[in-house]
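In what follows, a structure is listed as structure tokens, so that the remarks can point back to it.
Where a number appears in this text, it was derived from the coordinates with a stated rule and is not lab data. On a predicted model such as this, the values are computed, not experimentally measured, just so you know. Cβ placement follows ideal geometry from the backbone for every residue including glycine, while neighbour counts extend to all protein chains displayed.
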Amino acid sequence: MLTKPVAAESTFTGVYGIICGKEKDPVILGSQKIPVLTGQLPVPAFKGPQRKVALQLCGWGFDSPKNDLASQLTGLEISGFTERAASLAIFHLDLRRAIKSLSSSPAEHLKLVSLALAGYTEDSRTNPLWKESVAALTAQFQHPYLKAIFTFLTSANPFSVLDNDGLSLSDRVGFACRFLDDRELPLYIKKLTDEYTRSGNVEGILLTGLTKEGIDLFEVYIDSTGDVQTPTLVLSQVVPKEFKDKRAEKWLDM
């Protein structure tokens, strides 16, 4: 199957434009399953050129010497984000590295979590005793990334992880780009984009990019907060250089 070229209209395109394209010109993803991962994970993992670009936007592009996974995990641990480091390791099929992150933490409860994780094998997914024990343990977790680790390992439904809104937007989008199939992924990205636009949450610029859709988001943000300065500082990079929009031009003239 042919895929639409990955080249974005500009460097300011967001995940929505990369994965979904435009209404009259949708993207055909044509993704492939990752053979080395599929069968070892509770759900299949996918790769494709559009997914790769979107993952890079999310900070999940761990395929370059300057941004390899090991360095990112070490940086997270040093900064005190051990739970997120462990979850990223799990999402990239590095169980040993996740256990190391947790067991090396000075926090005793994370050492206990590492012991539970050490009991995981491919057979654990069909072992009712292990799943019941982990389900009971997971119910006690307050930290969203610890919940995500064991939810991922015990569920065949990737949405069980994506429904955890305690995860950052970039991590939920990164996870979706890795584990949702070509039918589910555009629908999920569109749903997220609509939600963030309606709420005027500026984190959604990851999805909309600095595009006309991004201006729709900023319009809601300005209406709800009265803050014009933040959007104008951002939009001055693209309006009118990349495109024109009367709303943005009005804000820039204030």
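Computed on the range 31-181, with alpha-carbon pairs under 8 angstrom and 6+ residues apart, the relative contact order is 28 percent. Rounded, prolate or oblate: pick one for the range 31-181, where a ≥ b ≥ c are the square roots of the eigenvalues of its C-alpha gyration tensor, a/c under 1.5 means rounded, and failing that, prolate if a/b is larger than b/c, else oblate. The shape class here is oblate. Taking a straight Cα-Cα cut-off under 20 Å and skipping sequence neighbours fewer than 8 places away in the same chain, the lysines within cross-link reach of residue 190 are 4, 22, 24, 47, 52, 212. Length gained on full extension, residue 135 to residue 227: 28.7 nm, using 0.36 nm per residue less the C-alpha separation. Starting from the Cα of residue 147, draw a straight line to each of the aspartates and glutamates and keep only those under 15 Å, dropping any in the same chain fewer than 8 residues away. Within the straight-line cut-off, residue 147 pairs with 83, 132, 163, 165, 171. Among (1) 62, 44, 33; (2) 75, 40, 35; (3) 64, 55, 38, which one is Cα extents along the principal axes in Å computed from these coordinates? Matching the structure shown: (1). For the chain, excluding the exposed loop sites themselves (trypsin sites (Lys or Arg not before Pro), DSSP loop, at most 14 other Cβ atoms within 10 Å), the longest remaining stretch covers 25-182. The distance linking the range 134-189 with the range 199-254 is 30 Å (Cα centroid to Cα centroid, whole angstrom).
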